[in-house]
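Before any comments, here is the structure.
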Amino acid sequence: MTRATPIPDTMTIHVPFRVVKRGGRKEMQPPEGVEHARKPDNTLVKALARAFRWKRMLESGEFATIAELAEREGIAPSYMTRVLRLTLLSPDIVQAILDGKQGPRVTLAKVLGTLPGRWDEQLSKIRTRGAATLGNG
């Protein structure tokens with residue numbers, strides 16, 4: 001009769017990742033170069049949806065000014081103005097955000113920062129912020 005190799009009581013598995021904060025929550029991020037399925041950043045998607053909804057409300061004449069709309073929504077007009085700038089993003093950037101391919105370091109705070117008016121310049125600036133997966137404009 002042969003004796004089997006004993007099975008150890010514990011096993012250690014090394015899984016490289018880091019924890020980053022995104023939109024007020026923590027997210028596990030794999031190391032650079034590792035492909036993984038991304039899901040859309042709900043904070044960015046929600047902000048985009050709000051921006052386009054507000055733009056539609058202003059363009060339809062439902063509200064005459066941003067201040068009027070901001071008062072109804074219960075938010076500061078300055079915040080609404082910053083979020084409304086999302087409607088000026090390149091369609092490629094908007095699609096990348098909706099598909100979850102904007103890159104791990106592209107956050108709402110960074111997108112609300114100053115971006116150029118030209119779409120090709122926006123893509124270039126976003127890419128330097130870690131969004132190498134964005135499509136070509």
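Every read-out reported here was derived from the displayed coordinates using simple, explicitly stated rules and does not represent laboratory data. Note that the structure is a prediction, hence the values are computed from the model and not measured. Counting neighbours? That spans all protein chains shown, and the Cβs are built from the backbone with ideal geometry, glycine included.
Structure values in brief
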{"item": "Most mobile of Arg53, Arg25, Arg38 in a GNM of the chain (Cα contacts under 10 Å)", "result": "Arg25"}
{"item": "P(r) tail fraction, the chain - alpha-carbon pairs more than 19 Å apart, %", "result": "59 percent"}
{"item": "Spin-label model distance (nm) - Asp9 vs Ala67, 7 Å beyond Cα toward Cβ", "result": "7.2 nm"}
{"item": "Cut-off 13 Å between beta-carbons: net charge of the residues surrounding Phe17, Lys and Arg +1, Asp and Glu -1", "result": "0"}
{"item": "Cβ-based exposure ranking for Arg85, Arg3, Arg18, in which fewest neighbours within 10 Å come first", "result": "Arg3, Arg18, Arg85"}
{"item": "Among Ala49, Ala64, Ala96, residue whose mean-square fluctuation peaks in a GNM of the chain (springs only between Cα atoms under 10 Å)", "result": "Ala64"}
{"item": "Percentage relative contact order, the chain, counting C-alpha pairs under 8 Å, at least six apart", "result": "22 percent"}
{"item": "Theoretical FRET efficiency, 1/(1+(r/R0)^6), r = Cβ-Cβ of Asp99 and Met57, R0 22 Å, to 0.05", "result": "0.25"}
{"item": "Segment Val19-Lys125, length gained on full extension (0.36 nm per residue, minus Cα span)", "result": "35.7 nm"}
